[in-house]
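Each value in this text was obtained by applying a stated rule to the coordinates, not by laboratory testing. A quick note: this is a predicted structure, and the numbers were derived from the prediction, not measured. Positions of Cβ are backbone-derived with ideal geometry, glycine not excepted, and every protein chain shown enters the neighbour counts.
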Amino acid sequence: MTKPIETWLTDMDGVLVHEEKVIPGAAEFIARLQETGRRFLVLTNNSIFTPRDLCARLRSAGIDLPESAIWTSALATARFLSEQRPEGTAYVIGEAGMTTALHNVGYIMTSQAPDYVVLGETRTYSFEAITRAIQLIENGARFIATNPDATGPSPAGSLPATGSVAALITKATGIEPYFVGKPNPLMMRSALNQIEGHSETTVMIGDRMDTDVLSGLEAGLRTFLVLTGSTQRDAVERFSYRPTEVYDSVADIVPLIDA
């Protein structure tokens with residue numbers, strides 16, 4: 001017998017917002033979760049922004065939620081590193097979302113013999129910084145990346161993202177990074193721990209089969225795919241795994257909150 005849904009995880013881009021515009025039903029979905037006292041987190045593989053930044057972005061789109069309801073790949077990476085090597089050191093390629101998360105778990109940023117090279121998302125990848133990362137990894141630093149996404153969107157077209165730059169560094173060093181963000185189920189499990197959720201009573205809502213649904217599936221969660229983002233209905237059957245349910249949008253999921 002399927003247990004009732006008690007806790008909710010949802011992706012951000014493609015589920016709640018699309019290119020800074022709220023997706024119809026998203027504000028109502030978040031409001032209903034809060035009205036009913038359901039525990040939930042909004043997840044994103046983007047490590048550029050802090051939860052405060054993302055809350056401001058969502059608020060401007062018409063979705064109001066607290067900073068504590070945001071879980072980023074940067075936060076998941078920082079938690080993972082603090083558990084692996086408490087109060088360690090890292091050389092970071094990334095922005096405020098990543099550096100703030102690491103500072104908050106007691107990490108020190110350094111370019112001299114760090115425990116880890118941490119590669120996150122940034123708007124401006126520096127060739128000098130990438131070169132330094134390669135040298136540090138060659139000298140023994142462990143290689144961590146926030147997420148494997150190869151490209152990100154922009155008004156002009158695709159931008160190289162963490163996965164592409166990680167591939168460059170791997171090609172130069174022969175060292176593969178450990179990716180913490182989706183589709184690694186570790187991202188789901190760290191989110192569950194954050195809200196004290198259980199896999200049997202949690203659902204993951206996403207717009208991508210190859211990240212959101214896959215990581216939710218591997219973490220033992222029910223998965224709801226919405227068709228307002230990356231994966232379209234005709235593409236679902238091409239995958240060797242399936243979501244629990246497919247919905248046109250998050251608006252169709254709102255009635256389930258009270259079920």
Given labels modelled 7 Å from the Cα in the Cβ direction, how far is it in nm from Arg59 to Ala259? 3.3 nm
Could you list the residues of the range 121-146 with an amide nitrogen less than 17 Å from a label point located 7 Å from the Cα of Thr170 in the Cα-to-C-beta direction? 121, 134, 137-138, 142-146
Only four residue types carry charge here, +1 at the Cβ of Lys and Arg and -1 at the Cβ of Asp and Glu. Report the dipole size of the range 1-119 about the Cα centre in Debye, rounded to the nearest 20. 220 debye
Surface/4 of the Cα convex hull for the range 31-165, nm²: 9.1 nm²
Label point 7 Å out from Glu196 along Cα-to-Cβ: which residues of the range 69-93 have amide N under 17 Å? 69
If the chain between Glu83 and Glu6 were fully extended at 0.36 nm per residue, the gain over the current Cα-Cα distance would be 25.0 nm
Gained length - Arg123 relative to Tyr241, 0.36 nm times residue gap less alpha-carbon distance: 39.1 nm
Give me, ordered by chain and number, the residues 5 or more places off Thr223 or on other chains with an amide H under 5 Å from its own placed amide H. Met204, Thr244, Glu245
Taking K and R as +1 and D and E as -1, what net charge do the other residues with C-beta under 15 Å from the C-beta of Asp248 add up to? -4
If you take every DSSP beta bridge whose two residues both sit in the chain, what share of them, in percent to the nearest 5, is antiparallel? 10 percent
